[in-house]
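Notes follow once the structure below has been shown.
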Amino acid sequence: MSASACRLLNLLLLGALFAGSLMVYSRLPERFPVHFGLSGQPDGWAARSLLSWLALPLIAASAALLVEGAARLAARHPELWSVPDRARFLALTPEERAPIIHRLQRFVGLVGLMTTLLLAMVQAAIYHAATGRTTALPAYVLPAAGIIMAVIVGMGLRMNARVATLIRDAHHRRAAAS
């Protein structure tokens, strides 16, 4: 999936998160859970207000903007990327760095998309707990969050290794051409 596709999907998911949250707002009780202990039981509550209910979607949108802004800024300023063998990465020409930066932007887009997915899942879980569909955080939330986090970490490790290989290969191509 390309970085552009990740951005589009993230934007659509954010739109669905806001639309869904607004659609169910009137069904919320006067107080709803906003924090859950390790047992899954609610241990923090908020009074119903549009701002308190949209806090998580606003955090998701802010995170998406931050991730997108950071990726765009780093594309123009390659020294901002945290990559293995940074000195060799920065020694590459902009043309040699371009496919590496493209891959990094794709990774950042996937992380942003998965973060929004995680926050949308938590918002749905809060709604289910608030409306009495469950008495605690739904059982799927913690395992699903763990899986999403493990996937992000795994993708990061794989990306780090791949970027190191791309940097090394670019330098080998340069040396062979000389």
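A short reminder: the numbers here are calculations on the coordinates, not readings from a lab. Keep in mind that what you see is a predicted model, and the values were worked out from it rather than measured. Heads up, the Cβs are rebuilt from the backbone with ideal geometry, glycines too, and the neighbour counts pull from every protein chain shown.
Within 13 Å, Cβ to Cβ, of residue 162, how many net charges do the neighbouring residues add up to if Lys/Arg are +1 and Asp/Glu are -1?
+2
Put +1 on the Cβ of every Lys and Arg and -1 on every Asp and Glu Cβ in the chain; which of 37, 67, 102 then has its Cα farthest towards the positive end of the dipole?
The residue sitting farthest along the positive end of the dipole is 102.
How large is the dipole of region 46-100 about the Cα centre if only Lys and Arg carry +1 and Asp and Glu carry -1, each at its Cβ, rounded to the nearest 20 debye?
The dipole of region 46-100 has a size of about 200 debye.
Quick one: what are the phi-derived ³J(HN,Hα) couplings along region 93-105, Karplus 6.51/-1.76/1.60 with θ = phi - 60°, whole Hz, x for glycine and proline?
6, x, 5, 6, 6, 3, x, 6, 5, 4, 5, 5, 5
With springs only between Cα atoms under 10 Å, which of 114, 155, 23 fluctuates most in a Gaussian network model of the chain?
Maximum among the listed residues: 23.
For region 10-151, with the dipole built from +1 on Lys and Arg beta-carbon atoms and -1 on Asp and Glu ones, taken about the Cα centre, which of 24, 129, 56 lies farthest toward the positive end?
After comparing all options, I get 24.
Given (1) 27, 19, 17; (2) 41, 16, 11; (3) 38, 21, 10 as candidate values of semi-axes √(5λ) of the Cα gyration tensor in Å, which corresponds to the one derived from the coordinates?
Label of the calculated value: (2).
With unit charges on the beta carbons (Lys and Arg positive, Asp and Glu negative) and the dipole taken about the Cα centre of the chain, which residue among 146, 83, 14 sits farthest to the positive side?
83
For region 80-178, which trypsin sites (Lys or Arg not before Pro) are in a loop by DSSP, counting at most 13 other Cβ atoms within 10 Å?
Those that pass, being in a loop and sparsely packed, are 133.
In debye to the nearest 20, how big a dipole does region 84-178 give about its Cα centre with +1 on each Lys and Arg Cβ and -1 on each Asp and Glu Cβ?
200
Relative to the Cα centre, what is the charge dipole magnitude of the chain, using +1 at the beta carbon of each Lys and Arg, -1 at the beta carbon of each Asp and Glu, and rounding to the nearest 20 debye?
360
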